[in-house]
Amino acid sequence: MQERIKEFEEADIALTASTYDDVEQNASFKSSEKLTYPLLSDQDAKTVKSLGILDESYEEGSSFYGVSHPGVILVDSDDKVVLTRAEHRFEDSESMDDLFEDVKEAIAVAASEEEADMDETNED
């Protein structure tokens, strides 16, 4: 994703990633890969559980417990999830081009819905 960061920024999309690794591991990885976006730690898998993307093939206690299905969650500025893409296998994931187009479309739809809601409120 780092190689496409400019495209996300130009589309006014803030990029963040999350792993089940601890904060220190994430900091080391972020530094070694020269990532410019936040890399969050979800060690207890609370976030991936709440989003329904926990890879349940790993049981609690396993060193891989907390791994999510690879994917993308798009959250709008009101903290509403507007797009979820999570595949059971990384190999099944969409291309970055397809994903980026889906994200831009979801943003456009959310903006249209918000505009329609505002118009409806102003009519009342």
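Only the coordinates and a few stated rules stand behind these numbers; no lab work does. The shown structure was predicted, so the numbers you read here are calculated from the model rather than taken from an experiment. Counting neighbours? That spans all protein chains shown, and the Cβs are built from the backbone with ideal geometry, glycine included.
Residue under question is Asp79, and the condition is that it be within 24 Å of Asp12 (Cβ to Cβ) and outside any helix (DSSP H, G or I); does it hold? Yes, satisfied.
Let's see how each residue does on (1) loosely packed, with under 12 Cβ neighbours inside 10 Å; (2) not small (Gly, Ala, Ser):
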{"residue": "Leu39", "(1), (2)": "no, yes"}
{"residue": "Gln43", "(1), (2)": "no, yes"}
{"residue": "Leu51", "(1), (2)": "no, yes"}
{"residue": "Glu59", "(1), (2)": "yes, yes"}
{"residue": "Gly66", "(1), (2)": "no, no"}
{"residue": "Pro70", "(1), (2)": "no, yes"}
{"residue": "Asp76", "(1), (2)": "no, yes"}
{"residue": "Leu83", "(1), (2)": "no, yes"}
{"residue": "Ala86", "(1), (2)": "no, no"}
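Across the range 20-28, not a single residue is classified as surrounded by fewer than 16 Cβ atoms within 10 Å (Cβ to Cβ), of a type in the set (Phe, Trp, Tyr) and part of a loop (DSSP other than H, G, I, E, B).
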